[in-house]
Amino acid sequence: MSNLKLGVEVVSAHNLMPKDGQGSASAFVELHFDNQKFRTTTKEKDLNPVWNESFYFNISDPNNLSNLNLEASVYNHLKTTNSKSFLGKVRLTGTSFVPYSDAAVLHYPLEKRGIFSRVKGELGLKVFLTDDPSIRSSNPLPAMESSVLTDSRTTQAQGPVQQVQNIVQNIVQGAFSNDKDKSEARHTFHHLPNTNVPQQQHHSSAAVSQEPGRYGADQMRAEPQGPRVVRMFSGSASQPFDYQLKETSPILGGGQVVGGRVIRADKPASTYDLVEQMHYLFVRVVKARDLPTMDVTGSLDPFVEVRVGNYKGITKHFEKTKNPVWNEVFAFAGDRMQAPFLEVVVKDKDMLKDDIVGFVRFDLSDVPTRVPPDSPLAPEWYRIANSKGEKNNGELMLAVWYGTQADEAFPDAWHSDAASHHDSSAAGSSYIRSKVYHSPRLWYVRVTVVEAQDLVITEKTRFPDVYVKAQIGNQILKTKPTQARTLNPLWNEDLIFVVAEPFEDHLMLTVEDRVGPNKDETIGRTIIPLNAIEKRAEVRHDDRIDHSRWFHLEKAYVIDVDQTKKEKKDKFASRLRLCLFLEGGYHVHDESTHYSSDLRPSLKQLWLRTPSIGVLELGILNADGLHPMKTRDQKGTSDTYCVAKYGQKWVRTRTIMNSLSPKYNEQYTWEVYDPATVITIGVFDNCHVGGANGSRDLKIGKVRIRISTLETGRVYTHSYPLLVLHPNGVKKMGELHLAIRFSCTSLMNTMLIYSRPLLPKMHYIKPFTVMQQDMLRHQAVNIVAARLSRSEPPLRKEVIEYMSDMDSHLWSMRRSKANFFRLMSVFSGLIAVGKWFGEVCTWKNPITTGLVHVLFVMLVCFPELILPTVFLYMFMIGLWNYRYRPRYPPHMNTKISYADNVHPDELDEEFDSFPTSRSSELVRMRYDRLRSVAGRIQTVVGDVATQGERFQALLSWRDPRATTIFLVFCLLVALVLYITPFQVLALVTGFYLMRHPRFRGRLPSVPINFFRRLPAKTDSML
């Protein structure tokens, strides 16, 4: 019998509807699940009751959990009649139940029971699954008079085992495949996306894609079209021809791509429909048996060498065994094979020269072809022949077949195009294989340091100058020192950290006393495991009061995290009051906010509020014209690989050795939850293979593509220039050929996304400061880099930092100028309208001015036409611009980035380290230049402030004569407006502004002269 139980912790309710006739209510909660019913205690006269009671339901059939519902109804207890009145209910489906480790308290809005129900408020519940056999189901429903308070602290569930997680995944999968869930009540809450279905990687096709139009087969036979240059921007923003995006028409696995549409071929489409099919000869070396001895000692150290022409791959060798097991796969590129035979040679590892044990030879014309989804080819035993042709040297189990990159053996195979001349072994190729990485789920930890009590200091004659230092790993934060004349200091400060799952670190808090300059004395410490901190979905006003806890401080010398049995120590009376939470309602930014690829909160229970809206498919085809990054055999070359990042999923292609035009042809898939996200693809040179001893992988360039700029179902095949800014200027490092397609699975959800906040609501309810955001993002990038650098092959720190734009917040004169000109471009439309109106007022074109007068009279006489005219005008502009809409994703522009004519010294300053490493003279020159720029900005800001202060001076009596004139003017204008219709006043004002130049003077007008004479606070400036 299954021990699986459903745990429900009824926490609290807020803002309930008063039902007792005295402005209050005596509330209790009834829980209904799987024919079981439990009830909480009754909280008398409280519209914000707190229960903190836990209940456990038996689950009769775990496989039917997705069809069960939990209903929590809130009632008001009427003592006079011993009855109950309805206050609201919450209904949760079985798909929202999660394991205890992922559960958090969520506050659900109360639903109505009927049309005429009066309901308001919300109910806080924590719902989870557990299979802990020590937890028993709750007692049956008690009588209403004998309800007793349940202590929730004695029924805290332990973390579930894998069986619980599998059941949760199964029920979530059923929820996604069942359309009837869409008809649930509008307040039904869902949690956890489908985690049972594995994310499609680069060896599987997309789950959802729209069928493109079919064309005739004769069109398929046309030659591939050459790349067509696409202009990214018009006018002054256009850039040199070599830096522009180029549209291509390659022949991919699904057919030829022409204008974003795929022309199907006569042959069936490949599962890799966004990349070119690449044919490989696969050789799986499984094991050998009964090998002969080759040494005098009777031992054998066997390994296998697989050779096709000039290419060879080597397995690892085993010492002193005649029955080795390798199970390694070798893949030889079909376009590079020039020999008609395949030789598999078994050798004996020796100090001087390897001895040949025997070999097996295959005629490549007899090798079969395997096309997925066919089952893998079964390996066979082959007798090994010696140099004389005698087949009595044991047997070798092999499987040989032709396939493509869609074969499941492709990712873990040794590749001939990725092999190094220095290391042809399959073990050495593990560092250059294609891999998929998942970055850890990040959380914010909020440590609220409230106060301390009964601090014990060494010097009894003075009051302490204390502060609290908090540390998690390498992150250290401190509170402000308090100089209160008491041994019970008060701080009330929030310290925010970034942590990653699984929570293996500890939170260490140290109370220190500043006894002198640069001299601190530790008063006490406490250590808290991160997995003991409560998770929450949102911040409530009473959390700091209700969830704060006291922690005893201990002497520093007895603190030991790993020590299970501590020695007997003296009592230490000091304690520290803290409020600790793992914030699940925030999204932890581990990349620049402008190029975010994921905006979901940390808590998985909140993910189903933003379901998947589509699938993003990326085909990394090839790179061309790459710049040599190293020298090998007196010739420039590169060992390149690509990295793509979207959401928590990172992908890395295999490393192509010794090629300036590598062909990758690897396809990857992501789920899309928000169109306002960006996928980043970077190209790097591997400096850790091929005999290179580089310490850092070198960046070659990157491409960013925003999902919202892609049309649904269209295949974008473009060649992107890899532009990198160097200290000597912008440089094109080559071109990267990509195929990308976004398939929308739910148009309605996609449209609704545009009405929702960009970030989770906690970013708006309790936002972080700009300095906090920069600091937390820096810590998040470091955590992700540290975690992924421990993978194999490692995704190194310099790659993570470059893909995440870690240094984008640092000062750059070039970037500042670019942002200024971007701002000017935004206001260029308003400036152009102002210039046009000035020409109308000066009668530069009398016909245009006359038409404007007629339109102005019409709008003044019929003011109800103003707004409809404005919106109709914008609608017509949008329709007109539709024919000129961009049909390509945007790419980096050197003119917009102000990188085409930047001064060399400004580039040197941008690439300078922080803090600076340049000479004092150079730093002084740059400081003077920055002072000059800041002086101009200071002048502009001062002029703007002066104009605002002059407006304030109109009524401040700073200039009594000017204020008197203005008050008299206001009185006269008020009298005139009372007796003059608004239309007449508007017509007079408009005609006056657009009067003929003959009636204009060359001197400033009277209002301008009056305004410029008003005083400002510049007289008070030092």
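Quick look at the values:
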| quantity | calculated |
| --- | --- |
| Residue within region 743-752 that is among the β-branched types (Val, Ile, Thr), in contact (Cβ under 8 Å) with a residue 60 or more places away in the chain, open to solvent by 60 Å² or more (accessible area, probe 1.4 Å) and within 30 Å of Ile472 (Cα to Cα) present | no |
| Ser365 being in a loop (DSSP other than H, G, I, E, B), among the hydroxyl-bearing types (Ser, Thr, Tyr), without any contact (Cβ under 8 Å) to a residue 40 or more places away in the chain and open to solvent by 30 Å² or more (accessible area, probe 1.4 Å) | no |
| Count of residues meeting criterion [assigned to a loop (DSSP other than H, G, I, E, B) and not basic (Lys, Arg)] in region 915-934 | 4 |
| Search result, residues across region 43-88 that are open to solvent by 30 Å² or more (accessible area, probe 1.4 Å) and within 14 Å of Leu110 (Cα to Cα) | Leu47, Asn48, Glu71 |
| Arg462 being modelled with pLDDT under 85, more than 38 Å from the chain's Cα centre (by Cα) and farther than 25 Å from Phe128 by Cα | yes |
| Scope region 721-744; condition modelled with pLDDT under 90 and either in a loop (DSSP other than H, G, I, E, B) or in contact with a Pro (Cβ under 7 Å, 6 or more places away or on another chain) (or both); matching residues | Pro727, Asn728 |
| Of all residues making up region 477-500, the number that are open to solvent by less than 50 Å² (accessible area, probe 1.4 Å) and charged (D, E, K, R) | 2 |
| Residue that is farthest from Gly298 (Cα to Cα) [pool: residues in region 309-338 that are open to solvent by less than 20 Å² (accessible area, probe 1.4 Å) and part of a loop (DSSP other than H, G, I, E, B)] | Thr315 |
| Single match in Ile545, Ile533, Ile559, Ile527 (criterion: surrounded by fewer than 20 Cβ atoms within 10 Å (Cβ to Cβ), farther than 21 Å from Tyr586 by Cα and modelled with pLDDT of 90 or more) | Ile527 |
| Filter pass, Val360 being open to solvent by less than 90 Å² (accessible area, probe 1.4 Å), part of a strand (DSSP E or B), without any contact (Cβ under 8 Å) to a residue 40 or more places away in the chain and of a type outside the set (D, E, K, R) | yes |
| Candidate set from region 593-636 (those that are open to solvent by 10 Å² or more (accessible area, probe 1.4 Å) and of a type in the set (S, T, N, Q)); member that is nearest to Pro440 (Cα to Cα) | Thr593 |
| Total residues in region 993-1016, condition under 56 Å from the mean Cα position of the chain (by Cα), assigned to a helix (DSSP H, G or I) and either free of Cβ contacts under 8 Å to residues at least 60 places away in the same chain or under 29 Å from Trp957 (Cα atoms) (or both) | 6 |
| Residue list for region 753-779, restricted to those being in contact (Cβ under 8 Å) with a residue 12 or more places away in the chain and assigned to a helix (DSSP H, G or I) | Ile753, Met762, His763, Ile765, Gln772, Gln773, Asp774, Leu776, Arg777, His778, Gln779 |
| Subset of region 114-136 [crowded, with 17+ Cβ neighbours inside 10 Å, of a type outside the set (A, V, I, L, M) and outside any strand (DSSP E or B)] | Gly121, Asp131, Asp132 |
| Residues satisfying the stated conditions in region 388-410, i.e. open to solvent by less than 30 Å² (accessible area, probe 1.4 Å), more than 11 Å from Tyr272 (Cβ to Cβ) and polar (S, T, N, Q) | Asn393 |
| Helices (runs of 4 or more DSSP H) completely within region 834-914 that count 1 or more residues being modelled with pLDDT of 85 or more and of a type in the set (Phe, Trp, Tyr) | 846-861, 866-882 |
| Condition check for Ala818: part of a helix (DSSP H, G or I) and modelled with pLDDT of 90 or more | no |
| In region 1-43, residue farthest from Lys120 (Cα to Cα) [restricted to those that are hydrophobic (A, V, I, L, M, F, W, C) and in a loop (DSSP other than H, G, I, E, B)] | Met1 |
| For Ala676: the one exception among (1) small (Gly, Ala, Ser); (2) open to solvent by 10 Å² or more (accessible area, probe 1.4 Å); (3) in contact with a Phe, Trp or Tyr (Cβ under 7 Å, 6 or more places away or on another chain) | (3) |
| Matching residues, region 972-992, being within 14 Å of Leu954 (Cβ to Cβ) and either open to solvent by 70 Å² or more (accessible area, probe 1.4 Å) or of a type in the set (Asp, Glu) (or both) | none |
| Test set (1) open to solvent by less than 10 Å² (accessible area, probe 1.4 Å); (2) in contact (Cβ under 8 Å) with a residue 60 or more places away in the chain - Tyr467 fails condition number | (2) |
| Residue within region 712-734 that is under 17 Å from the mean Cα position of the chain (by Cα) and under 26 Å from Ser612 (Cβ atoms) present | no |
| Subset tally (residues that are farther than 15 Å from Gly942 by Cβ, open to solvent by 60 Å² or more (accessible area, probe 1.4 Å) and not β-branched (Val, Ile, Thr)) for region 1002-1022 | 7 |
| Enumeration of residues in region 83-113 that are assigned to a loop (DSSP other than H, G, I, E, B) and either more than 19 Å from Val10 (Cβ to Cβ) or in contact with a Gly (Cβ under 9 Å, 6 or more places away or on another chain) (or both) | Ala103, Ala104, Leu110, Lys112, Arg113 |
| Those residues of region 462-514 which are part of a loop (DSSP other than H, G, I, E, B), of a type in the set (Phe, Trp, Tyr) and farther than 29 Å from Lys604 by Cβ, in sequence order | Phe463 |
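Conditions tested, residue by residue: (1) part of a helix (DSSP H, G or I); (2) in contact with a helix residue (DSSP H, G or I) (Cβ under 9 Å, 6 or more places away or on another chain); (3) of a type in the set (Ser, Thr, Tyr).
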residue: Arg936; (1), (2), (3): yes, no, no
residue: Val940; (1), (2), (3): yes, no, no
residue: Asp943; (1), (2), (3): yes, no, no
residue: Ser956; (1), (2), (3): no, yes, yes
residue: Ile965; (1), (2), (3): yes, yes, no
residue: Leu971; (1), (2), (3): yes, no, no
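The values are calculated or read from the model by the stated rules, or taken from the named source; none is laboratory data. The model shown is predicted, which means the values in this text are computed figures rather than measured ones. Reconstructed Cβ throughout: ideal geometry from the backbone, glycine too, with neighbour counts over all protein chains shown. Ligands, DNA and RNA are stripped out before the accessible areas are found, and what is left, the full protein with its side chains, is counted by its heavy atoms. Shrake-Rupley method; radii C 1.70, N 1.55, O 1.52, S 1.80 Å.
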